[in-house]
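To start, the structure under review is shown below, and the notes come after it.
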Amino acid sequence: MEALVRELHTLADTAALAAEVAPRLRPGGVLLLEGDLGAGKTTFTQALARIYGVTRTVTSPTFTLANEYRLPEGGSLVHFDLYRLASPEGLYDLGLEDALERGARMVVEWPERAWPVLAREFPHRLRLRLSVDSDGVRRADLKEE
């Protein structure tokens, strides 16, 4: 897949990006979501969850480290926030193996905190980098690895 690059000026732009990403994130797959604080990682995850039909409130799992959302057609979306993860192997304690066994779709914020585990478990993955340039314009760069 060729890299997908977008400017995100509005929430509608973020929702449109989520609509492009949703079919690429297959059951059992992972989206590594990178970006500084305030880059829009949780906003993107909220839009993605809506695309999949999640109707409950989607929040950042900053303190719980993982939230799971059941999808109406079956399966689930698991949202990991690894900012406070103590060690890469701690990802297993958060339910990674269970999510893999169930074929959940997974979104991982701060993936660099558990890179050894993520690289081992997901040889094929999506990586979305969100950034804000000096003019305040949000950018998204999606790659398949």
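The values are calculated or read from the model by the stated rules, or taken from the named source; none is laboratory data. Just so it is clear, the structure is predicted and the values come from calculations on it, not from any experiment. Because the Cβ atoms are built from the backbone with ideal geometry, glycine has one as well, and the counts that use them run over all protein chains shown. Keep in mind that these areas ignore ligands, DNA and RNA; they rest on the heavy atoms of the full protein, side chains included. Shrake-Rupley method; radii C 1.70, N 1.55, O 1.52, S 1.80 Å.
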query: Does Thr57 meet the test of being among the β-branched types (Val, Ile, Thr) and part of a loop (DSSP other than H, G, I, E, B)?
result: yes
field: Among the residues listed as Leu71, Leu94, the single one being surrounded by fewer than 18 Cβ atoms within 10 Å (Cβ to Cβ) and out of contact with any helix residue (DSSP H, G or I) (no Cβ under 6 Å at 6 or more places or on another chain)
entry: Leu71
- line: Considering region 4-51, residues that are hydroxyl-bearing (Ser, Thr, Tyr) and open to solvent by 40 Å² or more (accessible area, probe 1.4 Å), and then whichever is farthest from Pro72 (Cα to Cα), we arrive at Thr10
message: I want to confirm something. Restricting to region 77-131 and keeping residues that are free of Cβ contacts under 8 Å to residues at least 40 places away in the same chain and in contact with a Gly (Cβ under 8 Å, 6 or more places away or on another chain), which single residue is farthest from Asp141 (Cα to Cα)?
response: Arg102
message: Looking for something closer than 25 Å to Glu145 by Cα, in a loop (DSSP other than H, G, I, E, B), in contact (Cβ under 8 Å) with a residue 12 or more places away in the chain and not aromatic (Phe, Trp, Tyr) - is there at least one such residue anywhere in region 15-23?
response: no
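Listed residues Val132, Val54; which is open to solvent by 10 Å² or more (accessible area, probe 1.4 Å), closer than 22 Å to Ala12 by Cα and modelled with pLDDT under 90? Lay out the reasoning, then the answer.
On the way: Val54 fails: modelled with pLDDT under 90.
Result: Val132 is the single residue among Val132, Val54 that is open to solvent by 10 Å² or more (accessible area, probe 1.4 Å), closer than 22 Å to Ala12 by Cα and modelled with pLDDT under 90.
Select from region 57-68 the residues that are in contact with a Gly (Cβ under 9 Å, 6 or more places away or on another chain) and open to solvent by 40 Å² or more (accessible area, probe 1.4 Å) and list them in ascending order. Talk me through it step by step, then tell me what you get.
Just the residues of region 57-68 that are in contact with a Gly (Cβ under 9 Å, 6 or more places away or on another chain), to begin with: 65-66, 68.
Scanning region 57-68 gives a single hit, Glu68.
Out of Ser87, Ser76, report the one residue that is of a type in the set (Ser, Thr, Tyr) and either within 16 Å of Gly29 (Cβ to Cβ) or in contact with a helix residue (DSSP H, G or I) (Cβ under 7 Å, 6 or more places away or on another chain) (or both).
Values: Ser87 fails: either within 16 Å of Gly29 (Cβ to Cβ) or in contact with a helix residue (DSSP H, G or I) (Cβ under 7 Å, 6 or more places away or on another chain) (or both).
Result: Ser76 is the single residue among Ser87, Ser76 that is of a type in the set (Ser, Thr, Tyr) and either within 16 Å of Gly29 (Cβ to Cβ) or in contact with a helix residue (DSSP H, G or I) (Cβ under 7 Å, 6 or more places away or on another chain) (or both).
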field: Whichever residue in region 90-145 is part of a loop (DSSP other than H, G, I, E, B) and acidic (Asp, Glu) and, among such residues, is nearest to Phe80 (Cα to Cα)
entry: Glu145
